[in-house]
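Everything on this sheet refers to the single structure shown next.
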Amino acid sequence: METTAKQNRFNLIDEPWIPVIGKGLVSLGEIFSDPTIPALGGNPVQKIALTKLLLAIGQAASTPESTEQLERLDAETFRTACCNYLETWYDSFWLFGDKPFLQMPAVRRLIEERMQLELKSAPTAPAKKKEAAEKKAEQNALPRPIGMGFYPDLPAENNTILSQFQMQETTEHAEMALFIVTLMNFAFGGKRIEKHLAPLSHGFTGKSVSAKPGPSIGNYTGYLHSFLTGPTLTETLLLNLFSKEQIEANPYWKSGLGTPPWEQMPVGEDCPAAISLKESYMATLLSLSRFVLLDGEGVYYVEGLQYPSHKEGWREPSMTVNDHEKQPKVLWVDPDKRPWRELPSMLAFLENGAKSNYECLFIKNGLTRAKQHHQQIGIWSGGLKVSSNSGDQSVKQDNDFVESLFLFESSAINKLWYERFKQEMASLDKLSSRVYAATKSYFAKQNTDGSALASNASSLFWQLCERRFKEIIEACYEPEIIPTIHKITTSLALQSYDTYCPKETARQIDAWAECRPNFSKHFSNK
């Protein structure tokens, strides 16, 4: 086994490893010292994981006691506090060393113990079988290569990856660091772990051959995550920062803010540090759902801390959850339904008195500060859709990343604006349904099943609307513009119908004319 990893190498505070817009890779130190960095780069899952890491540092360095104090916290004070914090904890941010960042050196002992057991149980004769068994035991003790492809986990057997991405192995330290950070909350559930290892906590019996997924991805298709964004990365972090008052008011975080793992790493699955972390707000940012150890050019990888699903009480402030139903509901990633279409749910808290509202705490808690400090703010939403088969998660050909960023005039986001916006989004839903029904009827008139093409026509309508979404948002600020928007959206609906319903033959012309929707009364009641 590799032994040189104990030497301190690659400090994340100094070395460039974080992708940002317009600057390539930067270090943690640069993140908190350069006020001009606009936003994070990388794929949507990496952006979420990095935002969580930076928020964990921000909360550890500068968590105001009250929400009133939080609203007075300025960007320069925040950056200074974070830089001072990183200087204090400098030795906890080595990627390689005696105490490697977010890693468990004790995993090496488990691997060695497993190898010794396999060697002891190897047949003594004949010689070829003994040699083969010993070779297999040694192979099992080698670290796995790190695949820095498009999704956050290690490659799995029989897994179909998306054609537009190439799974590649990496030995670059920057990519290894990004892999470790992303893995903490976004590990896929299933059997991609080291097998037949004893738990780190003596007597712990909660593990099986199939690991639970990271809590930020969930048990099914992948949670949709959302954040408020400001004009710079620092402002974005400030908008999503919580006060102790806000954290302690949340019943899901029984341990309060909690301690970041680099200050106090658990030594096992249910040690006091592990239990405290799991019940804290800090776990939503860095959950340690996998215990890992980088070794040379590879990684050892076992199931770490286990977390419940949203149905069992797991809550992250980036998730959009409705707790007012009999069973909690959550917004999932859906490549066929872009995140902007979920904005009525994300902003439902603006509708006073509603009994069945979704809430995204980052948006709800940060909006007041955003209105005070920024003329324009953004809502970023994204994630990764995954497939799940008997608890084994993977990325298939119909899965994909999604992300959307939409900008708003912060002062205009209020209950009146929301009522208009919700009404316009409901109107788009009705238009989409009519496009689907009309297209399907067109093909039914010709004795053909048009369900698939009707779905394509409806999808095209939403794609066309997305290009005009900024105009829809602006029209809700100025109601006199709304009739113009109605003309645009009905035109897009007819364009979608016409695209999938040709009128070349006499029979097609008859079906096209009979089924083409008439929108003259669609907005008459508004």
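Couple of notes before you dig in:
- All positions within region 410-424 that are touching a helix residue (DSSP H, G or I) at 6+ places or on another chain (Cβ under 8 Å) and either open to solvent by 10 Å² or more (accessible area, probe 1.4 Å) or not in a helix (DSSP H, G or I) (or both): 411, 412, 413, 414, 415, 420, 422, 424
- Scope region 155-186; condition in a loop (DSSP other than H, G, I, E, B) and either modelled with pLDDT of 75 or more or crowded, with 21+ Cβ neighbours inside 10 Å (or both); matching residues: 172
Listed here are the residues, each with its yes/no results for (1) open to solvent by 30 Å² or more (accessible area, probe 1.4 Å); (2) touching a Ser or Thr at 6+ places or on another chain (Cβ under 7 Å); (3) among the basic types (Lys, Arg); (4) farther than 15 Å from residue 234 by Cβ.
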site: 26; (1), (2), (3), (4): no, no, no, no
site: 40; (1), (2), (3), (4): no, yes, no, no
site: 44; (1), (2), (3), (4): no, no, no, yes
site: 55; (1), (2), (3), (4): no, no, no, no
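- Verdict on residue 441 being among the polar types (S, T, N, Q) and either open to solvent by less than 30 Å² (accessible area, probe 1.4 Å) or touching a helix residue (DSSP H, G or I) at 6+ places or on another chain (Cβ under 6 Å) (or both): yes
- Scan of region 317-330 for residues that are within 21 Å of residue 386 (Cβ to Cβ), in contact with a Ser or Thr (Cβ under 8 Å, 6 or more places away or on another chain) and open to solvent by 10 Å² or more (accessible area, probe 1.4 Å), ordered by number: 330
- Of all residues in region 61-110, those being part of a helix (DSSP H, G or I), among the hydrophobic types (A, V, I, L, M, F, W, C) and either open to solvent by 30 Å² or more (accessible area, probe 1.4 Å) or over 22 Å from residue 296 (Cα atoms) (or both) number 9.
- Residues in region 368-413 that are of a type in the set (Val, Ile, Thr) and under 22 Å from residue 234 (Cα atoms): 368, 377, 379.
- Failed item, numbered, when residue 299 is tested on (1) touching a strand residue (DSSP E or B) at 6+ places or on another chain (Cβ under 7 Å); (2) of a type outside the set (D, E, K, R); (3) under 24 Å from residue 55 (Cα atoms): (3)
- When the criteria are applied in full, residue 470 fails the requirement of being open to solvent by 60 Å² or more (accessible area, probe 1.4 Å), part of a helix (DSSP H, G or I) and in contact with an Asp or Glu (Cβ under 9 Å, 6 or more places away or on another chain).
- Hey, residue 487 without any contact (Cβ under 8 Å) to a residue 12 or more places away in the chain, open to solvent by 80 Å² or more (accessible area, probe 1.4 Å) and closer than 22 Å to residue 449 by Cβ or not: no
- Residues of region 291-309 satisfying the condition of being of a type outside the set (Gly, Ala, Ser), in contact with a Gly (Cβ under 7 Å, 6 or more places away or on another chain) and either surrounded by fewer than 21 Cβ atoms within 10 Å (Cβ to Cβ) or without any contact (Cβ under 8 Å) to a residue 12 or more places away in the chain (or both): 306
- Filter result (among the hydrophobic types (A, V, I, L, M, F, W, C) and more than 12 Å from residue 107 (Cα to Cα)) within region 268-297: 271, 273, 274, 275, 277, 282, 283, 285, 286, 288
- Number of residues in region 351-369 that are open to solvent by less than 30 Å² (accessible area, probe 1.4 Å) and at pLDDT 90 or above: the value is 5.
- Residue, nearest to residue 266 (Cα to Cα), within region 187-209, restricted to residues that are open to solvent by 30 Å² or more (accessible area, probe 1.4 Å) and of a type in the set (Val, Ile, Thr): 205
The values are calculated or read from the model by the stated rules, or taken from the named source; none is laboratory data. Just so you know, these numbers come straight off a predicted model, no measurement behind them. Please note: Cβ atoms are built from the backbone with ideal geometry, for glycine as well, and neighbour counts cover all protein chains shown. With ligands, DNA and RNA removed, areas are computed over all heavy atoms of the protein, side chains included. Shrake-Rupley method; radii C 1.70, N 1.55, O 1.52, S 1.80 Å.
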